[in-house]
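Contents: one structure, followed by commentary.
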Amino acid sequence: MIQLVTINKENWQECIQLPTSEDHTRFVASNVYSIAESQFYPDTVTACCIYAGDVMVGFAMYGPEEDDATLFFIDRLMIAEGHRGKGYGKAALSAILEEAKRRGFSRVGLSTDPENEKGIALYESVGFGATGEMDDDEAVYIYSFEIE
């Protein structure tokens with residue numbers, strides 16, 4: 001079971017030490033940078049550790065898009081080296097989508113390097129679709145909740 005736990009004084013140091021593979025570092029900002037960045041957006045960004053049981057396996061940062069209050073945006077998602085390929089990324093995405101839905105959002109966005117093939121496959125597997133738009137050098141993907 002995946003849990004998203006907000007960054008705090010008890011877990012931030014472990015979080016910044018989560019290992020990433022050399023090929024993965026080009027697709028995701030460091031956790032220390034992301035945690036620092038989140039401090040400048042306290043009303044819109046949630047920075048959290050991803051736990052599988054009692055084991056920290058990753059980091060995520062998300063919240064309402066600053067320029068579009070109707071869009072929930074996933075700014076970061078990283079699964080630590082050694083924990084990748086075990087379904088934690090998909091489970092974390094599902095948990096974030098549930099959080100967005102609970103908060104009343106109908107769309108969730110993210111952006112990624114167009115060469116991040118594994119990430120794109122993951123995003124598409126849970127229902128994100130490419131918009132054809134670019135945010136700087138990253139391709140934008142949107143998930144829309146079905147109307148119930």
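Bear in mind that the values in this text are calculations on the coordinates, not laboratory data. Bear in mind that the values here come from a model prediction, so they are computed numbers and not experimental data. FYI the Cβ positions are ideal-geometry reconstructions off the backbone, even for glycines, and counts take in every protein chain you see.
Figure legend. Inter-residue proximity from the range 50-65: first residues without any contact (Cβ under 8 Å) to a residue 40 or more places away in the chain, second residues assigned to a strand (DSSP E or B) and surrounded by fewer than 18 Cβ atoms within 10 Å (Cβ to Cβ), beta-carbon distance below 7 Å, spacing 6+ or different chains. No pairs are indicated. Here is the figure for the range 95-117: residues that are more than 24 Å from E146 (Cβ to Cβ) and either surrounded by 13 or more Cβ atoms within 10 Å (Cβ to Cβ) or touching a helix residue (DSSP H, G or I) at 6+ places or on another chain (Cβ under 6 Å) (or both) total 2. Among the residues of the range 72-83, the one identified as over 14 Å from S38 (Cβ atoms), crowded, with 16+ Cβ neighbours inside 10 Å and in contact (Cβ under 8 Å) with a residue 40 or more places away in the chain is A80. Scanning the range 118-134 for residues that are surrounded by 15 or more Cβ atoms within 10 Å (Cβ to Cβ) and small (G, A, S) returns G119, G127. Select, from A92, A52, the only residue that is crowded, with 18+ Cβ neighbours inside 10 Å, more than 14 Å from the chain's Cα centre (by Cα) and under 22 Å from V126 (Cβ atoms). From the options A92, A52, the qualifying one is A52.
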